[in-house]
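The values are calculated or read from the model by the stated rules, or taken from the named source; none is laboratory data. Since we're looking at a predicted model, the values are computed, not measured. Surface accessibility is based on the protein's heavy atoms, side chains included, excluding ligands, DNA and RNA. Shrake-Rupley method; radii C 1.70, N 1.55, O 1.52, S 1.80 Å.
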Amino acid sequence: MGMAWLTLGAAGLFEIAWAVGLKYTVGFTRLWPSVFTVSAMVASFWLLSLALKVLPIGTAYAVWTGIGATGTAIIGMAFLGDAVSLPRLLGIGMIVGGILVLKAAG
């Protein structure tokens, strides 16, 4: 089961990559950012599908989207000029807390 969680974590990292990359595709009108983004999407879904061989769908999907949402929000605030506010940080904290609870529940 440990390998499934690592695989799911990697899938989440690729989700962050494609979500951030999507911004740079400019509506899929730029070739290389589009190639990167689609490749990251495929990798993310493929790794998620591997993790689903072992992990429950509800847990895996929630953790996958949680990693993606949290990582993308943090990158947006740290590097892309997204607003930083206490409510946003609290929301991210709650998502991370939810991920940890789901992981602990198995």
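Only protein heavy atoms count here; under a 1.4 Å probe, residue 103 has an accessible surface of about 100 Å².
Its residue count N sets the reference 2.2 N^0.38 Å, and the alpha-carbon radius of gyration of the chain equals 1.12 times that reference. Remark: relative contact order (the chain) = 32 percent; criterion is Cα-Cα distance under 8 angstrom and separation of 6 or more residues.
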